[in-house]
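Every read-out reported here was derived from the displayed coordinates using simple, explicitly stated rules and does not represent laboratory data. Please read these numbers as outputs of a predicted model, since none were measured by experiment. In this analysis, Cβ positions are derived from the backbone assuming ideal geometry, glycine residues included, and neighbour counts consider all displayed protein chains.
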Amino acid sequence: MCSSKCRLLLRRLHRRHFSTAPASNRQNSSPQITIRWPEQSRPSPHPGDTAMAHEATVRRLAAAGDIDGVQYALQEMRLRGVSCPEGALVAAICAFARAGAPDRALKTFYRAHDLGCAAPTVRVYNHLLDALLQENLVGAVVPVYENMRKAGVEPNVYTYNLLIKALCQNDRVDAARKMLDEMSRKECHPDEVSHTTIVSALCKLGRVDEARGVLAETTPVCTSYDAVVHALCGESRMREVFLVVDEMVQRGLQPGPVTYTCIVRAFCKAGELRMAGAILARMVIKGCAPNVHTFTVLTQGFFDDGKVRDALGMWNWMVAEGLTPSVISYNVLIRGLCQNGDLKMALSVFSSMGQNRCFPGMTTYSILIDGLSKAGDLDGAMSIWNDMTNAGCKPNVVVYTNVVDVLCKKLMFDQAENLIDKMASENCPPNTLTFNILIRSLCDCGRVERALSVLRGMERYGCPPNVRTYNELLRGFFRVGNCEDALQILVEMLNNGIELSLISYNTMISGLCQMGRNKEAMILLGKMIIQRIQPDAFTFNAIIHAYCKEGNVRAAAWMLGQMDAVNCPRNIVAYTSLMSGLCNQHRLDDAMVYLLKMLYEGISPNEATWNVLVRGLSTLLGTIGPMHLIDHIVEDL
């Protein structure tokens with residue numbers, strides 16, 4: 001039986017297209033007189049008219065995005081024995097594709113015979129293939145194409161382009177190039193889309209030189225050249241970029257905004273803002289007007305280089321040209337202002353977006369929340385969060401994580417955990433970074449046990465801890481002097497197959513040294529070197545300081561010498577720690593030797609270094625003599 005919705009649709013369809021009775025007047029309560037034709041003489045609608053009416057209904061429902069209504073309308077046509085026109089079938093397939101339901105499009109196609117459709121033409125097959133490719137269902141494309149060949153339907157250029165796209169999406173470019181040979185055999189000549197798809201795929205796979213070879217063999221089009229320019233810019237092969245642009249001009253093509261903007265972006269990322277400006281100037285001279293993307297790229301480039309005035313100049317130029325900034329443009333401007341500390345202007349720009357009919361999105365809110373949080377304006381960050389939720393903008397995991405960070409900085413840990421629970425209920429599960437922020441903040445406040453319970457609860461959200469998670473806990477346990485639990489965390493890391501990083505080793509070595517367990521720290525240093533993890537200055541500084549603290553200055557001096565052996569440059573912290581240890585043993589002459597050695601290596605002493613020497617001199621000679629000696633040292637320097 002037909003469903004209630006289906007029957008309702010039938011009655012509406014019948015009243016609108018097939019009823020011979022006049023429309024009823026609801027305000028007139030007098031009996032209605034309906035003239036009915038005798039059964040023998042009642043005129044029956046022409047079958048073509050009926051099919052056209054149903055097709056119009058399907059098209060209308062498809063345009064409205066009512067895919068359930070489309071399904072009911074097709075079912076109603078089958079129940080009424082009305083043959084489904086090709087236009088209705090195509091409209092249904094397209095509607096399912098737009099709704100992200102290619103499986104329903106495929107089922108409808110295979111039911112075409114039951115719906116009374118004529119044998120599908122190449123037009124139907126093309127729309128179905130396109131629907132499947134939009135969701136990258138390549139596995140379903142092959143059977144449909146085989147069905148098409150068995151049915152004797154000859155593919156056209158559009159069909160082949162879809163198949164080439166399917167192959168290229170799955171990195172089967174060589175098979176896609178063979179498809180070009182098949183097209184030629186069937187006298188179906190490839191067009192611009194065919195070649196551009198293959199050129200773009202080759203560039204994506206890093207086979208730029210092959211892509212240039214394809215370019216040389218085909219009719220020149222800007223889109224193909226733009227793909228090659230983009231790939232070369234990504235590899236910073238700027239000399240070749242200019243050769244390709246010259247080749248474009250020689251073959252009768254003029255570089256457009258896409259070409260120039262790609263080159264400008266490459267120079268901006270490399271910090272070559274003068275070259276980026278020169279490309280902009282050439283663009284204008286050649287009569288190619290910069291677009292919003294061009295100005296946005298340059299604005300971001302100047303902000304990244306810290307040139308706020310030039311960035312704002314680019315923005316003002318864009319507005320003066322009558323171009324309407326996009327949401328991406330606003331995001332670049334607001335992020336640049338936040339990064340350069342001008343939060344007041346960033347908030348002003350944010351407030352003005354609505355006046356230009358450009359409304360903020362998730363990224364915009366996230367940028368402001370992050371900027372205000374880093375600037376210490378936590379209340380302002382929460383205000384932006386409230387504005388976002390009131391505007392009905394559903395936050396993503398990045399925005400949620402930024403707000404968790406804000407709550408943690410305000411020491412509102414209960415609210416932070418509640419927000420994480422809300423993320424899960426809102427179908428926006430937290431990620432490892434979200435938990436790492438909470439665990440780090442708890443450890444900073446000495447609430448290590450609670451941080452450990454957060455770690456245990458991560459599995460409930462299907463969120464595995466990573467090396468940074470464990471590093472935060474290691475640091476937290478050593479900070480409160482709990483060496484045993486820190487070692488348990490280390491064992492858990494290894495049991496879970498998580499490899500120790502440089503930060504992991506440094507955290508362990510520093511923690512052990514602070515607790516006077518220097519031998520264990522040295523064992524870890526050995527394991528670190530065996531695993532080919534290069535110790536850095538922090539590693540050696542921790543051990544040198546620990547040896548000096550326990551009075552083993554000889555071992556500290558030996559460690560200072562070993563820094564050269566592992567290609568780790570000595571720094572002022574290592575020298576100052578060693579000089580402090582020597583001064584504590586009244587070995588001022590030896591300390592002065594290391595001072596001169598430090599100066600010889602080009603390391604300038606800082607305030608802490610001079611304080612160590614002054615205290616050593618004061619201890620050795622009293623308070624008057626050291627001042628004269630320091631004066632002589634400064635004069636000699």
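Structure data summary
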| read-out | value |
| --- | --- |
| Gyration tensor verdict on segment 509-576 (Cα atoms; rounded if a/c is under 1.5, prolate if a/b is larger than b/c, oblate otherwise) | oblate |
| Hz values of 3J(HN,Hα) by residue in segment 143-154 - Karplus curve (6.51, -1.76, 1.60), Gly and Pro given as x | x, 5, 5, 5, 4, 5, 5, 5, 6, x, 8, 7 |
| Sorted by Cβ neighbour density within 10 Å, fewest at the top, the residues 57, 218 | 218, 57 |
| Reach of residue 549 by Cα under 23 Å, taken over lysines that are not fewer than 8 positions away in the same chain | 519, 597 |
| Relative pair counts by distance (%), Cα atoms of the chain, 10 Å bins | 3, 11, 11, 15, 20, 17, 10, 6, 4, 2, 1, 1, 0, 0 |
| Pairs beyond 20 Å (Cα-Cα), from 307/409; 150/186; 269/307 | 307/409 |
| Helix 607-621 vs. the chain, principal-axis angle (Cα, 0 to 90°, nearest 10) | 20 degrees |
| Order of 530, 543 under a 10 Å beta carbon neighbour criterion, fewest first | 530, 543 |
| Global form of segment 355-405, assessed from the alpha-carbon gyration tensor, a/c cut-off 1.5 | prolate |
| Summed residue charge, Cβ within 12 Å of residue 243's Cβ, Lys/Arg positive, Asp/Glu negative | 0 |
| Structure-based [θ]222 nm, the chain - -39500 (n - 2.57) summed over DSSP H runs of at least 4, per residue, nearest 500 | -22500 deg cm²/dmol |
| Net charge over other residues, Cβ less than 12 angstrom from the Cβ of residue 277 (K, R count +1; D, E count -1) | 0 |
| Förster radius 25 Å - calculated FRET efficiency between residue 236 and residue 530, Cβ distance, rounded to 0.05 | 0.10 |
| Set 204/286; 374/422; 394/422 screened for pairs whose C-alpha atoms are more than 18 Å apart | 204/286; 374/422 |
| Fewest-first ranking of 327, 406, using other Cβ atoms within 10 Å as the exposure measure | 327, 406 |
